[in-house]
1. Filter the range 17-65 for residues that are surrounded by fewer than 13 Cβ atoms within 10 Å (Cβ to Cβ) and within 41 Å of the chain's Cα centre (by Cα); which is modelled with the lowest pLDDT?
2. I'd like to check which helices (runs of 4 or more DSSP H) are fully inside the range 173-217 and have at least 2 residues that are over 25 Å from the mean Cα position of the chain (by Cα) and within 19 Å of K37 (Cα to Cα).
3. On the basis of being out of contact with any helix residue (DSSP H, G or I) (no Cβ under 8 Å at 6 or more places or on another chain) and either assigned by TED's automatic domain parsing to the domain that holds L272 or of a type in the set (V, I, T) (or both), does G368 make the cut?
4. Quick check: anything in the range 73-81 within 15 Å of P223 (Cβ to Cβ), in the same structural domain as L33 (by TED's automatic domain parsing), free of Cβ contacts under 8 Å to residues at least 60 places away in the same chain and not β-branched (V, I, T)?
5. Being within 30 Å of E410 (Cβ to Cβ), among the hydrophobic types (A, V, I, L, M, F, W, C) and without any contact (Cβ under 8 Å) to a residue 60 or more places away in the chain is the requirement here; does V397 meet it?
6. Residues to consider are L386, L398; find the one that is modelled with pLDDT of 90 or more, more than 27 Å from the chain's Cα centre (by Cα) and in a strand (DSSP E or B).
7. Exactly one of (1) of a type outside the set (A, V, I, L, M); (2) within 19 Å of Y318 (Cβ to Cβ); (3) part of a helix (DSSP H, G or I) is unmet by N391. Its number?
8. If you scan the range 353-383, which residues turn out to be surrounded by 20 or more Cβ atoms within 10 Å (Cβ to Cβ) and more than 30 Å from the chain's Cα centre (by Cα)?
Amino acid sequence: MDTKKLRQKILDLAIRGKLVPQDPNDEPASVLLERIKAEKERLIKEGKIKRSKKSAKTSDTPHYQQDVPFEVPSSWVWCCITEVTNKITDGTHNSPINTPKGEYKYVTAKNIKSSGVILDNITFVSKEVHQEIYSRCNPEKGDILYIKDGATTGIATVNTLDEPFSLLSSVALIKPSHWISNKYLLYYLQSSLCYSSVRETMKGVGITRITLKLIEKWQIPLPPFAEQKRIAIEIEHWFALIDQIEQGKADLQTTIKHAKSKILDLAIHGKLVPQDPNDEPAIELLKRINPDFTPCDNGHYAQLPDSWSVVPMQMLCYLTDGEKQNGIERINLDVKYLRGEHDAKTLTSGKYVAANSLLILVDGENSGEVFRIPIDGYQGSTFKQLLINENMNEEYVLQAINLHRKVLRESKVGSAIPHLNKKLFKAIEIPIPPYKEQQRIIKAITKAFMSLDLIMESL
């Protein structure tokens, strides 16, 4: 289930008047607009708010004469966002000095999430700086904060902070009228209709943004006030159910991940498939690898089947580099290409690696991750070639490495760029079953993982 699409469908139904039924006893939105207009005029006369340039230009233009994206119920009206808000502005356009500690919180786009204002890594500005910013941009509890600059443009939330704070210009401040539900307005701003129109009008090269002038032109489908409240309650009800679904999905994904680890753990302890007394013991296989082989004495694996042995990783595989070549154009086998994060790039020289070879990541946070190469190419600088002894079942060794990924990640060496702890890697002790049992184990793992992956895909 695509819960993101489900949320958007609910919002789409809501702003089209199809999520909750209309009540003929509700005061029509056209009357509501007149009340909002009268209230704004009173506040302007009292000097509490200023008349927006947009509202001044459109005050004599009936809202119902504007072009609209879709039809709404007869009790609704389309209106300009400036008709239902008392103020639309943004934070300071000058980046003030901000510090980890101080008097007034300094909120930027990084602090604005759909779930609310996140105060992780919040910084502060002085009282003098705050007063200068707040005199023009004064966010209060219940106002809407809307990201209008950068990659996260379109994220909106209702301000739940009781205290005054300063805003950066990347965040727009939208103050709804007393006669419009801030939650309904928020849900409209979060809808795909609003988001898509925003993305189409964004400008800029380095940092894309939407201007206040464009925000002031937005059209809003406005229901009666009572219906706004019913819509907000219904959306919250559905979103709470979706939250439960998403939490269930997250819990199931975690369970599946743990299940895979448990399957691998059972596999290397000889408990995943039955032993066959006719299988050649592992010690005979290991003597072909190393005639002087002596089994490890490891108490952790004391309960292994009699036909198994324990050996260090260095006996089964080793790390090397590909053959240096020049003058031949080949694909650069770097991490981003192998993960499908960018298209193939070519080099005319490098360390040659043949298709179907194995590369292990030895630099970075994910050191220990293994990739099977889909095509001939040049080895990326963060890799070593992983060669596994031909007497071993290759997939069995790879699964053993995979089981130890956590240890390898947590035991990296180096400061600036962490590296795979090669000494630790070589010393990892691996339980080895007979070769035929290795085959049975891999067959069982593959079958179990396929079933678990199908469950993951269905979520």
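The values are calculated or read from the model by the stated rules, or taken from the named source; none is laboratory data. Note that the coordinates shown come from a computational prediction; the quantities given were computed from them, not determined experimentally. Using ideal geometry, Cβ is built from the backbone for each residue, glycine included, and neighbour counts are taken over all protein chains shown.
1. Among those that are surrounded by fewer than 13 Cβ atoms within 10 Å (Cβ to Cβ) and within 41 Å of the chain's Cα centre (by Cα), it is Y64.
2. On the way: elements: 182-190, 192-201, 212-215.
In the range 173-217, the matching helices (runs of 4 or more DSSP H) lie at 182-190.
3. On the way: out of contact with any helix residue (DSSP H, G or I) (no Cβ under 8 Å at 6 or more places or on another chain): no; either assigned by TED's automatic domain parsing to the domain that holds L272 or of a type in the set (V, I, T) (or both): yes.
No; evaluated as a whole, the condition is false for this residue.
4. yes
5. On the way: within 30 Å of E410 (Cβ to Cβ): yes; among the hydrophobic types (A, V, I, L, M, F, W, C): yes; without any contact (Cβ under 8 Å) to a residue 60 or more places away in the chain: no.
When the stated conditions are applied, V397 does not pass them.
6. Values: L398 fails: in a strand (DSSP E or B).
Selected residue: L386, the only one of L386, L398 that is modelled with pLDDT of 90 or more, more than 27 Å from the chain's Cα centre (by Cα) and in a strand (DSSP E or B).
7. N391 satisfies every listed condition except (3).
8. Answer for the range 353-383, where residues must be surrounded by 20 or more Cβ atoms within 10 Å (Cβ to Cβ) and more than 30 Å from the chain's Cα centre (by Cα): V353, G377, Y378.
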